[in-house]
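The values are calculated or read from the model by the stated rules, or taken from the named source; none is laboratory data. Bear in mind that the values here come from a model prediction, so they are computed numbers and not experimental data. Note: ideal-geometry Cβ built from the backbone for every residue, glycine included; neighbour counts use all protein chains shown. Side chains included, ligands, DNA and RNA excluded: accessible areas come from the protein's heavy atoms. Shrake-Rupley method; radii C 1.70, N 1.55, O 1.52, S 1.80 Å.
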Amino acid sequence: LAATSILREKLPNLKIRFVNVVNLMKLPPKSEHPNGLSQNAFDSLFTKDKPILFAFHGYPHLVEKLVYRRSNRNLKVKGYVEEGTISTAFDMTVMNKLDRFNLVIDACNIIMSQDNNVDNKSKWSAAYVKQEMDQMLVKHSAYINEFGVDMPEIEGWKWSVN
């Protein structure tokens, strides 16, 4: 949610859809699992051709295997890569590149690589947003090394519908 919030604030012309997958067994086709979604239902949530950035707090290959037979092949799954040590929960997501800043960077890379789906203003803005997120990662690293806790803007973050 935090990455979506940042993208909506920094790139207001960009169309973003946030889908919260609670039951992973909805991802494969109904023919492969009784809880699976039909192709039409899956496409209505994830589209047939738009880029999908799937943040999963587990091994990414699991999601890739579950959506293997789906029509949208424009999927990037971010997940647990066994990085990190004893730290804060947020710092562990940073080490695994699953935090809001790295997810925004990934989204910006996708935006900048799009030929037809994104306007030029959004592509240029994405380059600046990416730089800003890189700076936030540097700031986070310095802060956690000095104080041993997450930055106040991380600990105090709340979802805003604006």
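A few points about this structure:
- Environment charge of residue 145, counting only residues whose C-beta is closer than 13 Å and scoring Lys/Arg +1, Asp/Glu -1: -2
- Surface composition of the range 3-93: carbon plus sulfur atoms hold 54% of the accessible area, using a 1.4 angstrom probe and ignoring ligands, DNA and RNA.
- Taking 15 Å as the straight-line reach from the Cα of residue 26, the aspartates and glutamates in range (excluding those fewer than 8 positions away in the same chain) are 43, 64.
- The range 106-162: Cα Rg divided by the 2.2 N^0.38 Å rule of thumb: 1.46
- Label-point separation, residue 21 to residue 137 (7 Å along Cα→Cβ), nm: 2.3
- Contact order relative to length of the range 76-144, as percent, for alpha carbon pairs under 8 angstrom and 6 or more apart: 27
- Pairs from the table (48/158; 50/121; 10/48; 65/158; 78/139) lying more than 30 angstrom apart at Cα are 48/158; 65/158.
- Whole-Å semi-axes of the ellipsoid equivalent to the range 11-60 (Cα gyration tensor, √5λ, descending): 22, 15, 8
- Shape call, the chain: gyration tensor on alpha carbons, a/c limit 1.5: oblate
- A 1.4 Å probe run over the protein chains yields, for the chain, 63 Å² of accessible area per residue, whole-number rounding.
- Over the chain, Cα pairs under 8 Å with separation of 6+ residues give a relative contact order of 21 percent.
- Multiplying the residue separation of residue 153 and residue 61 by 0.36 nm and subtracting their alpha-carbon distance yields 30.0 nm.
- The range 56-106: C-alpha gyration tensor shape, a/c 1.5 cut-off, then a/b vs b/c: oblate
- Ellipticity estimate at 222 nm from DSSP helix runs (n ≥ 4, -39,500 (n - 2.57)) divided over the chain, nearest 500: -14500 deg cm²/dmol
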